[in-house]
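For reference, the structure discussed in these notes is given below.
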Amino acid sequence: MGAAAAAAGTWRLGDLEVNRIGYGAMRLTGNGMRGNSDGPPIDRSAAVALLLSAFEQGVDHIDTAAFYFSPLRSANELINRALSSWRGGRVTVATKVGPGRDASGEWLGMARPEELRGQVEENLRQLGRDHLDVVNLRLVNLGTASPAEHFGALAELRRAGLIRHLGLSNIRPEHLTEALAIAPVVCVQNSYGLDRRHADDTGLIDLCGRHGIAFVPYFAVSGLRSEAAAGPERDRRVHAVARAHGATPAQVRLAWTLHRGPHVLAIPGTTDPAHLAENIAAGALRLTSEELALLEPPAEEAR
């Protein structure tokens, strides 16, 4: 069991070893980070079945958040239901705190440091756990001056036993350096992919690698459409590589992301069982050096 998701290898989030291909739960609710929707959420039983299928295929790292909800669905609630009936191996759940939404779904901005305990406890309640495996401090924007006070508040909750490991999301390299002076960091989540290379420009991916920290990109498949479902692939280079492997363009994008380093993970999300299987299978796709060079932007487009 787990051979499919294990094909890309594993990485350790602290003491928790996970397969590098995971699953992002945001799209299960039908709502994205900015409140825009890709349509109605899938049926609850179908969502739970999809998660169980992911576990059966070896996915053992799930990304979620209490603010992933719509009027009809909560990602945490769906994960809780799926895990309550799962009898296989351990599944590591990583959640996020920082931004908040009220009951109507309106964004409230960044929580104050003293409010983070309430967000952690809400995740605990929704997930039905007595501690959280990984909690990522999600910054509202990259221009945030310093995450130190917020991260320090989470470090206190870690010492209290409510959190096992800490991570960061939507950050700059200096934010990681500040956080490391406060408590261990096991992962960093930032936007990254073939068309989104800011984390290369800033050196963040390499900084994570030097510290043994997992870099977990989001939007790796969606191109420039952010949290929306991936649109029709328009990059001829991606199509050419996909044809050579009998693969889909999305699989090529995931394989390209994973090639960046053994500490780089993937958390593609989908509500389609066929796409789920394709995403997991992308971990076995090995791109040649010639194909990787082909996927680099022309010199005049390089940043």
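A few notes on this one:
- When both bridge partners sit in the chain, DSSP labels roughly 30% of those beta bridges antiparallel.
- Neighbour counts of C-beta atoms inside 10 Å place His275, His198 in the sequence His198, His275, starting with the fewest.
- Peptides 43-51, 58-66 ranked from most to least packed, by the mean per-residue count of other Cβ atoms within 10 Å: 58-66, 43-51.
- Listed by Cβ neighbour count within 10 Å, with the fewest neighbours leading, Glu178, Glu77, Glu296 appear as Glu296, Glu178, Glu77.
- Ranked list, fewest to most other Cβ atoms within 10 Å of each Cβ, for His239, His165, His175: His239, His165, His175
- Annotation: amide H-H contacts under 5 Å for Leu13 (H modelled 1.01 Å from N, sequence separation of 5 or more, or interchain): Val18.
- Among Trp256, Ala7, Ala103 the positive-end extreme of the charge dipole of the chain (Cβ point charges): Ala7
- Candidates Leu16, Leu176, Leu72, ranked by Gaussian network fluctuation over the chain, Cα under 10 Å, top entry: Leu72
- With contributions of -39500 (n - 2.57) from each DSSP H run of at least four residues, the per-residue ellipticity at 222 nm computed over the chain stands at -10000 deg cm²/dmol.
- When both the range 235-287 and the range 46-69 are represented by their alpha-carbon centers, they are found 19 Å apart.
Read-outs throughout are calculated quantities, based only on the coordinates presented, and are distinct from any laboratory measurement. Fair warning: this is a prediction, and the values are worked out from it, not measured in the lab. Here Cβ is always computed from backbone atoms with ideal geometry, including for glycine, and neighbour counts include all displayed protein chains.
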